[in-house]
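The values are calculated or read from the model by the stated rules, or taken from the named source; none is laboratory data. If you're wondering where the values come from, they're calculated on a predicted model, not measured in any experiment. Cβ coordinates were reconstructed from backbone atoms using ideal geometry, including for glycine residues, and neighbour counts include every protein chain displayed. Just so you know, the surface numbers come from the protein's heavy atoms only, side chains and all, with ligands and any DNA or RNA stripped out. Shrake-Rupley method; radii C 1.70, N 1.55, O 1.52, S 1.80 Å.
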Amino acid sequence: MNRHAFAAALAACLLLAACQTSQSTADKAADASGPTPTAPRPPAPLAPRAQEHAAMLDRVEISGARQRLMATAPSPAIMPPRPWPPNDPANREEYADTDDNPVRRASEHPVSTFSVDVDTGSYSNVRRMLRMGVRPPPDSVRAEEFINYFSYGHPAPTSRDVPFRVTTEIAPSPWDSRRHLLMVGIKGYDVPKAELPPANLVFLVDTSGSMHSSDKLPLLRKAFAALTGQLRAQDKVSIVAYAGSAGLVLPPTPGDRKGEILAALERLQAGGSTNGGAGIELAYAMARQGYVEGGANRVILATDGDFNVGTVDRKSLEALVADQRGSGIALTTLGFGTGNYNDAMAERLADAGDGNHAYIDTLLEARKVLVEEMSATLLTIARDVKIQVEFNPAVVTEYRLVGYANRMLRDEDFANDRVDAGDIGAGHEVTALYEVALAGSGGERLPALRYGGSAPTVAHGSELAHLRMRYKQPDSDGSRLIEVPLPCSAIRAEAGPALRFAATVAAFADALRGGHNLGEWDWDAIAAGARASRGDDRWGLRGEFAELVEAGRAATRGDAARDGN
């Protein structure tokens with residue numbers, strides 16, 4: 001090589017090295033300065049909580065049949081609000097369209113009929129969004145699931161002859177003193193874990209490619225491991241996994257062989273498409289194979305609900321599940337994940353399968369649902385529970401049922417034992433709120449009718465309303481009737497602690513849905529109500545609720561700022 005060519009080559013090498021060094025330096029500088037503000041990446045919802053929940057598990061004390069968290073962990077930082085859907089074109093979360101129940105004239109529609117609901121998935125799912133700084137879509141907020149996430153101390157029945165006890169309370173509404181709130185509380189009898197009948201459980205696990213993230217399959221494995229720790233020798237567990245096809249991971253195995261069950265859970269890996277229909281069919285087949293007469297026979301479906309091969313139509317899957325409920329095998333659904341979570345699918349499948357639906361956003365929530373509330377989750381004590389309230393038009397002019405919009409029944413369905421309704425598990429509480437306007441209160445929201453007709457006759461004038469409930473024993477196809485008159489003398493001058501807190505939770509849900517029924521209340525009043533209602537708060541859930549109210553305020557304020565208000 002001549003001298004000039006060598007010099008040229010050397011210069012080129014030096015120039016290339018300088019460019020690479022400059023580029024490396026620029027990359028390091030970019031890394032040090034963090035992501036550019038024009039394209040922020042969405043925060044991971046669960047990673048900041050992992051160590052916190054591990055620490056909390058060390059502070060669980062077992063006392064009888066209940067788990068009590070003896071200390072409250074610090075809450076995670078709330079992210080700045082982001083619009084819904086997030087600025088992520090891949091977000092495909094699905095929620096069923098729901099409207100608030102309308103205000104009804106008691107003179108025109110004196111009877112209100114609905115199915116009970118013990119689901120809580122809406123609350124924990126919205127909690128996940130608020131922790132991420134995301135404004136929840138209104139349809140993701142179901143007021144009854146917010147209310148029923150919490151315990152209000154309703155008294156339990158004194159015997160098991162009737163599986164639950166019904167109590168009521170009526171007092172002025174906190175957001176409009178001209179109206180009143182009627183609270184209906186139901187408490188099922190509890191069964192200590194040691195006295196639970198043998199369980200035949202099938203863990204039906206979605207292992208499709210969409211389940212790979214840390215808030216899905218890894219969290220799912222830990223959730224089922226927590227439940228496995230509670231099982232006894234007389235219990236049985238099978239594991240079915242499904243992706244593009246369904247497969248048996250673990251045949252029916254006694255609950256005391258925990259090593260085998262945990263090892264099978266650890267073998268689960270995410271990959272492929274999602275054939276939920278095939279998985280459901282195989283899971284029910286395994287449940288029938290291990291069926292325990294008089295036991296708790298249940299399929300527990302853990303999924304993000306993103307079924308995309310095989311039977312994918314929601315109505316077809318509901319029919320598939322509904323066909324199986326007559327066999328005495330219930331279906332519980334556990335929702336996981338973000339971005340493609342199909343809430344509508346998960347909730348409806350649980351309804352069709354005579355089960356319940358929960359959303360698992362943290363390991364602590366998994367322990368709440370599968371350990372602390374194990375009896376309620378696994379053991380059904382009453383089936384097809386329906387509530388019917390007949391208001392006395394001479395005393396009540398208007399009423400509105402808070403939530404339960406997708407649980408409404410026709411009046412004639414109440415006594416029709418062929419019409420399905422919600423089930424209640426051991427120890428479950430169910431709470432429902434009506435907002436009512438009493439005659440002469442001036443609290444009516446509907447305009448006066450020009451041709452209003454004659455005034456209602458005063459029959460049973462000492463009664464505000466009449467409450468009826470129907471339910472079936474787990475082993476019976478015929479319903480039983482409970483009737484409870486609500487006398488006017490039961491109206492209180494002010495609400496007790498349970499009703500005040502339930503009203504605050506209902507107001508929070510309404511504010512997230514747009515705040516159409518809040519009357520004189522605003523976010524300040526909701527926050528004050530949350531702070532004043534902590535009570536005993538053994539698990540820290542009410543304290544967490546107060547923090548979520550502030551997160552909800554920030555999220556809706558962000559929406560108002562973006563709208564220019």
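General observations
- Projecting label points 7 angstrom from Cα along Cα→Cβ for Arg410 and Asp97 puts them 2.2 nm apart.
- Each principal axis of the Cα cloud of the stretch 375-461 was taken in turn, and the coordinate range along them, longest first, works out to 53, 26, 25 Å.
- Equivalent ellipsoid semi-axes, the stretch 113-257, via Cα gyration tensor eigenvalues times 5, rooted, Å: 36, 26, 12
- Computed accessible area, Leu446, all protein chains, 1.4 angstrom probe, square angstrom: 60
- Using alpha carbons only: equivalent-ellipsoid semi-axes of the stretch 332-420, gyration tensor based, whole Å: 31, 16, 14
- Fully extended contour minus Cα-Cα distance, from Val249 to Lys315, at 0.36 nm per residue: 21.0 nm
- Across Lys193/Lys315; Lys315/Lys368; Lys216/Lys472; Lys236/Lys368, pairs whose alpha-carbon gap is larger than 27 Å: Lys193/Lys315; Lys315/Lys368; Lys216/Lys472
- Percent of C-alpha pairs per 10 Å bin, the stretch 193-288, short to long: 17, 48, 29, 5, 0
- Of the residues Tyr189, Tyr451, ranked by 1.4 Å probe accessible area with the largest first, the sequence reads Tyr451, Tyr189.
- Segment Asp256-Arg492, extension gain: residue separation times 0.36 nm, minus the distance between their alpha carbons: 79.8 nm
- In the stretch 477-551, Rg over Rh equals 1.11, where Rg is the alpha-carbon radius of gyration and Rh the Kirkwood radius from pairwise Cα distances.
- The stretch 242-397: Rg to Rh, with Rh as the Kirkwood radius over Cα pairs: 1.03
- Taking the square roots of five times each eigenvalue of the Cα gyration tensor of the stretch 92-181, the equivalent ellipsoid has semi-axes of 28, 21, 15 Å, listed largest first.
- Maximal additional length on extending the Asp537-His212 stretch stands at 113.5 nm, based on 0.36 nm per residue less the C-alpha distance.
- Ordered by solvent-accessible area of protein heavy atoms (1.4 Å probe), largest first, the residues Arg367, Arg500 come out as Arg500, Arg367.
- For Leu349, the solvent-accessible surface computed with a 1.4 Å probe is close to 0 Å², ligands and nucleic acids excluded.
- R0 of 56 Å, Cβ-Cβ distance Arg160-Tyr451: FRET efficiency to nearest 0.05: 0.60
- Average accessible area per residue (Å²) across the stretch 250-305 - probe 1.4 Å, nucleic acids and ligands excluded: 38
- Pairs of Cα atoms nearer than 8 Å and 6+ residues apart set the relative contact order; for the stretch 443-535 it is 19 percent.
- Cα Rg, Dmax, the stretch 100-141, angstrom units: 15.6, 46
- Accessible area of His516 (1.4 Å probe, protein heavy atoms only, ligands and nucleic acids ignored): about 130 Å².
- Cα convex hull of the stretch 383-533 - mean projected area over all directions, nm²: 11.6
- For the stretch 419-481, the extents of the C-alpha atoms along the principal axes are 52, 24, 22 Å, listed from largest to smallest.
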